[in-house]
Amino acid sequence: MAHELPPLPYPKEALEPHIDAMTMEIHHDRHHKAYVDNLNKAIAGNAALEGKPLEALIGDLASVPDNIRGPVRNNGGGHWNHSFFWKILAPKAGGAPSGKLGDAIKSTFGSFADFQAKFEAAGIGRFGSGWAWLVSHGGKLEIVSTANQDNPLMGKAVAGCEGKPLLGVDVWEHAYYLKYQNKRADYLKAVWNVIDWNAVAKNF
Ligand code: MN
């Protein structure tokens with residue numbers, strides 16, 4: 001069964017003015033679609049890999065043959081990361097998390113503002129392309145970042161970090177360049193306005 005591009009869960013203009021419609025259209029319809037298409041191409045003809053759910057596939061890259069491991073890592077990661085990202089964004093969202101997640105963020109990072117500053121620093125500090133993540137790892141919250149389309153589900157040996165992603169923010173230039181140009185820090189500040197903390201709490 002081929003992997004499929006999931007539809008955006010809201011209209012492409014829904015996250016305006018924080019993330020513009022043109023960026024959403026190109027990001028979803030072209031970039032995300034290319035990851036899906038190239039993942040399907042990479043695993044075509046390998047019945048065992050074709051039958052694996054995406055999360056199992058990228059969580060066990062060691063079992064992927066050498067000659068396609070790179071494309072599966074990049075495009076499988078790209079497909080998973082973007083599918084995840086669309087779901088934790090929403091219009092009329094933002095604010096601060098409450099409940100158990102809000103408490104865990106406060107007890108781990110000191111305050112929500114301290115958490116935000118540390119998360120933004122992880123995104124700004126990622127040289128080139130990648131992602132900033134909030135993960136639950138061994139019962140604790142951690143902020144990590146990955147290069148390219150790696151993610152914490154790939155494990156420490158591959159991605160340099162591990163844990164269950166709760167929140168992930170794309171810091172590739174394609175995620176922000178049309179509106180924010182080189183100002184990744186401004187994009188990261190704006191993204192807080194469209195984070196759906198109910199969706200993030202469901203991942204917790
Ligand atoms: Mn992206």
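The values are calculated or read from the model by the stated rules, or taken from the named source; none is laboratory data. The structure displayed is predicted, hence computed values, not measured ones. A quick note on method: Cβ atoms are made from the backbone with ideal geometry, for glycine too, and the neighbour counts reach across all protein chains shown. Heads up: the accessible areas ignore ligands, DNA and RNA and are worked out on the full protein's heavy atoms, side chains in. Shrake-Rupley method; radii C 1.70, N 1.55, O 1.52, S 1.80 Å.
Placing unit charges on each Cβ (+1 for Lys and Arg, -1 for Asp and Glu) gives the stretch 99-203 a dipole about its Cα centre, and among Ser145, Tyr177, Trp192 the Cα reaching farthest toward its positive end belongs to Trp192.
What's the angle, to the nearest 10 degrees (0 to 90), between helix 99-109's Cα axis and the longest principal axis of the chain? Value to nearest ten degrees: 80.
Here His31 sits with roughly 60 square angstrom of accessible surface, probe radius 1.4 Å. GNM on the chain, alpha-carbon springs under 10 angstrom: the most fluctuating residue among Lys100, Lys33, Lys12 is Lys100. Pop the C-beta distance of Ala96 and Ala21 into the FRET formula with R0 = 25 Å and round what comes out to the nearest 0.05. It comes to 0.40.
Phi-derived couplings, Karplus 6.51 cos²θ - 1.76 cosθ + 1.60 at θ = phi - 60°, listed residue by residue for the stretch 72-87: 5, 4, 5, 8, x, x, x, 5, 5, 4, 6, 4, 5, 4, 4, 6 Hz, with x used for Gly and Pro.
Suppose only helical runs count, i.e. DSSP H with n ≥ 4. What mean residue ellipticity at 222 nm does that imply for the chain under -39500 (n - 2.57) per run, divided by all residues and rounded to the nearest 500 deg cm²/dmol?
Helix contribution divided over all residues of the chain: -13000 deg cm²/dmol.
I'd like the FRET efficiency for Lys140 and Arg30, computed as 1/(1 + (r/R0)^6) with the beta carbon distance as r and R0 of 25 Å, rounded to 0.05. For R0 = 25 Å, the calculated efficiency reads 0.10. Taking all protein chains together, Arg30, Arg73, Arg126 sort by accessible area into Arg30, Arg73, Arg126, largest first [probe 1.4 Å]. Given a 1.4 Å probe and the protein chains as shown, Tyr10 ends up with an accessible area of around 30 Å². Within straight-line reach of Lys33, meaning a Cα separation under 15 Å, sit the following aspartates and glutamates at least 8 residues removed in sequence or on another chain: Glu4, Glu25.
To the nearest ten degrees, helix 33-43 and the longest principal axis of the Cα atoms of the chain are 40 degrees apart.
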